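> Here it is, the structure, as structure tokens.
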Amino acid sequence: MLSSAPGPSPDREAADRLAALQALERKVLWLSTWMIHNANHLRPSRDGLKVGGHQASSASVATVMTALYLDVLRPQDRVAVKPHASPVFHALQYLLGEQSRDKLERFRALGGAQAYPSRSKDGDIVDFSTGSVGLGVGVTLFASLVQDYLRLNRLVATDAPPGRMIALAGDAELDEGNIFEALLEGWKHDVRNLWWIIDYNRQSLDAVVSDRLFGRIDALFEMFGWRVVTLKYGRLLEAAFARPDGSQLREWIDACPNSLYSALVYKGGAGWREHLQRDLNRYPGIRAILDEHDDDALERLMTNLGGHDMGAVLDAFHAVSDDRPTCFIAYTIKGYGLPFAGHKDNHAGLMNPEQMAIFQRRMGVAPGAEWDRFAGLDLPEPALAAFVERVPLARSGARRHRPPPIAVPAELPAPRGRVLSTQEAFGRLLGGLAAGDSALAGRIVTTSPDVTVSTNLGAWVNRRGIFDRAERADTFREEKVVSAQRWAMSPHGQHIELGIAEHNLFLQLAALGLAGPLFGARLLPIGTLYDPFIKRGLDALNYALYQDARFILVATPSGITLAPEGGAHQSIAEPLIGMAQPGLVGFEPAYADELATVLRWAFGEIQREDGESVYFRLSTRPIEQPERTIGGELAEAIIAGAYWLREP
């Protein structure tokens, strides 16, 4: 007779999973801290300059990121990692077998793991580059919108659930205005499948974050339709609150100013005891808690915040199963587990060799085993290795897609007319594409920050429509009000209308330009705006190009063609942007046939493996057009940047 032993109970499986994740969290903290120490104190240095690396900022998210990468994330999810948590990210990739020891040893050096996660330099393991704070958070919102576009238009498979676009944000990043511009745009577009996880360690680069900040943050997100999940207390503190007089302890912590809480974290158990005895000693239940805990145990209790409690973090993440955008506010401690935890000066702080030696002994890592994946942990290495192998991300294969290119026609017919401006020619070129049924036209997506009509996208939008998750009729047309614009909206529209915020435009172009590698379906994005206002969103443009997003930027009107509107509308320095910005090829065509030639080339350029994005500066000034036929040699000269209009 065959028999089989019963498998482990669900409770046992959950307990084993929690124990493994807690052990691996310790390893992530160790590796990220050691990586930075090695770069600053052990690696040979020719100039002796500080390398840096943000040990404190990394420590505050070790729990949250371990939970995400080793348990919660699915292969289709995409993450923008808090810039200063790059060492934690690389440590996790090392455990997953996706990062090498050599790159960890060269952290922040040539060819090593990058200071901030970089798609172009760290390779396929990075979903979104981060570094200029706030922008990585915002781009996840626009990536969610792009995912909706692809799924609603059946350009990607829809048999699996959509991915969650996840941003890990430092609380000080919420000072960046682009985040709130993105929030408003997301509300207008009914954005879905979006998680923003705020590392609320209450410390910025220079100081402690104002207590007033998070009195409004949850209300702000809720106003835009988000769910807000606050992870404030861990299980140790929750158990203490349930004891006699425990409510007094909760009220004391709730009322404790951020600056005092951070100072007591740094002072440790003795500091906590002094203040609790002074403020709460009249309560017998509090005296009992203090009597039962020595200083080390009291420190563990009072720093048991929700963002550092693995069980609480897992429960919060796994409880969200729908597509409603969700903001997790994870209370954490900057430098958690390190000797400068809580200190207001710890942002740029580094553990010295003596502190590291003590930390190494506490972590149980033997000399010579500093880079070992499982050294110093209290669970058997084979069990931990098997656990990591079962992690969904470890079994997902390559995260970066490489879809085939979209065919580009041999030529784009130049618009006819004796006198034309390049802006008008652009509108007619796109209108001609919209009237056809080419594969190229089917993958073009245009977007503009409230200047769709005045940048000559009207013909394209009239024929291809505006994207919206739902069908929305053109009310003016239904009411028989005469208008040149047909603004019908549907899931099949190929124009994304944005509010007048240039950061949003460039983040939307970044997300559209990454549709192929992120989701597996290539799009050909075209963004339009007035040329003078490129400077308004220049940081976001640089960000989009740094992560190798591919798109066409049409800036019109440009130059001095807006002179009647005053000095603020003149674009004088913008040609320098086109020449100097890495990842961007700039053109300023004079004639309609030049524009047709270079636009056709641009559709191919943005699809080449080593291609770049393309920037056109166009004019509203009509000029007489040359009568000529552009052949291969002249086309090559136009693309190269110069040709003889009249032979000398």
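> Looking at region 46-54, is at least one residue assigned to a helix (DSSP H, G or I) and surrounded by 24 or more Cβ atoms within 10 Å (Cβ to Cβ)?
Restricting attention to region 46-54, the residues satisfying the condition of being assigned to a helix (DSSP H, G or I) are none.
No, because not a single residue in region 46-54 is assigned to a helix (DSSP H, G or I) and surrounded by 24 or more Cβ atoms within 10 Å (Cβ to Cβ).
> Return the residues of region 97-113 that are touching a helix residue (DSSP H, G or I) at 6+ places or on another chain (Cβ under 9 Å) and surrounded by fewer than 19 Cβ atoms within 10 Å (Cβ to Cβ); say none if nothing qualifies. Steps first, please.
First, pick out the residues of region 97-113 that are touching a helix residue (DSSP H, G or I) at 6+ places or on another chain (Cβ under 9 Å): 97-101, 103-109, 111-113.
Hits for region 97-113 are Gly97, Glu98, Ser100, Arg101, Glu105, Arg106, Ala109, Gly111.
> Turning to a different aspect of this structure: Residues in region 44-53: is at least one of a type in the set (Val, Ile, Thr) and either modelled with pLDDT under 95 or at positive phi (or both)?
First, pick out the residues of region 44-53 that are of a type in the set (Val, Ile, Thr): 51.
Among the residues that remain, those that are also either modelled with pLDDT under 95 or at positive phi (or both) are: 51.
Yes, region 44-53 has at least one match.
> What about Val461, is it open to solvent by 40 Å² or more (accessible area, probe 1.4 Å), touching a strand residue (DSSP E or B) at 6+ places or on another chain (Cβ under 7 Å) and of a type in the set (A, V, I, L, M, F, W, C)? Explain how you work it out, then say what you get.
Values: open to solvent by 40 Å² or more (accessible area, probe 1.4 Å): no; touching a strand residue (DSSP E or B) at 6+ places or on another chain (Cβ under 7 Å): yes; of a type in the set (A, V, I, L, M, F, W, C): yes.
Here the answer is no, as Val461 does not meet what is asked.
> Quick one: in region 456-485, which of the residues that are in a loop (DSSP other than H, G, I, E, B) and touching a Gly at 6+ places or on another chain (Cβ under 8 Å) is nearest to Ser558 (Cα to Cα)?
Initially, region 456-485 is screened for residues in a loop (DSSP other than H, G, I, E, B), giving 456-457, 465, 468-471, 473-474, 479-485.
Retained after the next criterion (residues that are touching a Gly at 6+ places or on another chain (Cβ under 8 Å)): 456-457, 465, 468, 484-485.
Working: Asn456: 14, Leu457: 16, Gly465: 26, Asp468: 30, Ala484: 24, Gln485: 24 Å.
For region 456-485, the residue satisfying everything is Asn456.
> Do we find a residue being touching a residue at least 60 places away in the same chain (Cβ under 8 Å), touching a strand residue (DSSP E or B) at 6+ places or on another chain (Cβ under 9 Å) and of a type in the set (Val, Ile, Thr) anywhere in region 81-103?
Yes; the residues of region 81-103 include at least one that is touching a residue at least 60 places away in the same chain (Cβ under 8 Å), touching a strand residue (DSSP E or B) at 6+ places or on another chain (Cβ under 9 Å) and of a type in the set (Val, Ile, Thr).
> Output the qualifying pairs, or none if there are none: Cβ atoms under 7 angstrom, residues six or more apart or on different chains, first residue in region 533-549 and open to solvent by less than 20 Å² (accessible area, probe 1.4 Å), second residue acidic (Asp, Glu) and in a helix (DSSP H, G or I).
Listed by first residue and then by second, the contacts come to Ile534/Glu574; Gly537/Glu502.
> Separate question: Within region 385-402, does at least one residue satisfy the condition of being of a type in the set (Lys, Arg), within 28 Å of Leu599 (Cβ to Cβ), in a helix (DSSP H, G or I) and touching a residue at least 24 places away in the same chain (Cβ under 8 Å)?
Within region 385-402, none of the residues are of a type in the set (Lys, Arg), within 28 Å of Leu599 (Cβ to Cβ), in a helix (DSSP H, G or I) and touching a residue at least 24 places away in the same chain (Cβ under 8 Å).
> Please work out if Gly583 is in contact with a Ser or Thr (Cβ under 9 Å, 6 or more places away or on another chain) and either loosely packed, with under 10 Cβ neighbours inside 10 Å or at positive phi (or both). Please lay out each step first, then the result.
Values: in contact with a Ser or Thr (Cβ under 9 Å, 6 or more places away or on another chain): yes; either loosely packed, with under 10 Cβ neighbours inside 10 Å or at positive phi (or both): yes.
Criteria met by Gly583.
> May I pose another question? May I ask you to list the residues in region 551-593 that are modelled with pLDDT under 90 and of a type in the set (Ser, Thr, Tyr)?
Thr556, Ser558, Thr561, Ser571
Residue-by-condition table, conditions (1) modelled with pLDDT of 95 or more; (2) basic (Lys, Arg); (3) open to solvent by 60 Å² or more (accessible area, probe 1.4 Å); (4) within 19 Å of Thr63 (Cα to Cα):
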site: Arg250; (1), (2), (3), (4): yes, yes, yes, no
site: Arg273; (1), (2), (3), (4): yes, yes, no, no
site: Asp279; (1), (2), (3), (4): yes, no, no, no
site: Gly285; (1), (2), (3), (4): yes, no, no, no
site: Asp291; (1), (2), (3), (4): yes, no, yes, no
site: Asn304; (1), (2), (3), (4): yes, no, no, yes
site: Ala312; (1), (2), (3), (4): yes, no, no, yes
site: Asp322; (1), (2), (3), (4): yes, no, yes, no
site: Phe328; (1), (2), (3), (4): yes, no, no, yes
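> Anything in region 136-178 that is open to solvent by 10 Å² or more (accessible area, probe 1.4 Å), aliphatic (A, V, I, L, M) and closer than 19 Å to His401 by Cβ? List them, or say none.
Listed by number, the residues that qualify are Leu152, Leu155, Val156, Ala157, Ala160.
The values are calculated or read from the model by the stated rules, or taken from the named source; none is laboratory data. This structure is a prediction, so every number in the text was calculated from the model and none was measured. Counting neighbours? That spans all protein chains shown, and the Cβs are built from the backbone with ideal geometry, glycine included. All accessible areas refer to the heavy atoms of the entire protein, side chains included, with ligands and DNA or RNA removed. Shrake-Rupley method; radii C 1.70, N 1.55, O 1.52, S 1.80 Å.
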